[in-house]
1. Report, by residue number, each residue of region 26-35 that is open to solvent by 50 Å² or more (accessible area, probe 1.4 Å) and closer than 17 Å to E58 by Cβ.
2. Hey, any hits in region 3-13 for a residue that's under 19 Å from P59 (Cβ atoms), β-branched (V, I, T), in contact with a Leu (Cβ under 9 Å, 6 or more places away or on another chain) and not in a loop (DSSP other than H, G, I, E, B)?
3. Restricting region 1-41 to residues that are aromatic (F, W, Y) and more than 14 Å from L55 (Cβ to Cβ), which is modelled with the highest pLDDT?
4. Tell me which residues, restricted to region 36-62, are in contact (Cβ under 8 Å) with a residue 24 or more places away in the chain, open to solvent by 90 Å² or more (accessible area, probe 1.4 Å) and either more than 19 Å from R18 (Cα to Cα) or assigned to a helix (DSSP H, G or I) (or both).
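The values are calculated or read from the model by the stated rules, or taken from the named source; none is laboratory data. Since this is a predicted model, take the numbers as computed values, not measurements. Please note: Cβ atoms are built from the backbone with ideal geometry, for glycine as well, and neighbour counts cover all protein chains shown. To get the accessible areas, we keep the full protein, side chains included, count just its heavy atoms, and leave off ligands, DNA and RNA. Shrake-Rupley method; radii C 1.70, N 1.55, O 1.52, S 1.80 Å.
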Amino acid sequence: EKRQIAHIWGIDDVQDIRPDLDEDQAWHVLQVVEADLDSNYGITWDTLELTASDLYPEPADTER
């Protein structure tokens, strides 16, 4: 009727690329992605991954 589309991203998508994040952290990632949305580029897997890494850096691997 309104001729609109939407893409839906959820916390499960964030946790697919960052399973170490809990639900609240994954939700925070989505909120930041939405707040910083550039409509020229949209939301991609890279956007989610980069934002998650900025907010929650993965611990360095200490095994050698």
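1. Scanning region 26-35 gives a single hit, H28.
2. Taking region 3-13 first, the residues under 19 Å from P59 (Cβ atoms) are none.
No: zero hits.
3. Applying the filter and picking the extreme gives W9.
4. Residue satisfying the conditions is W45 alone.
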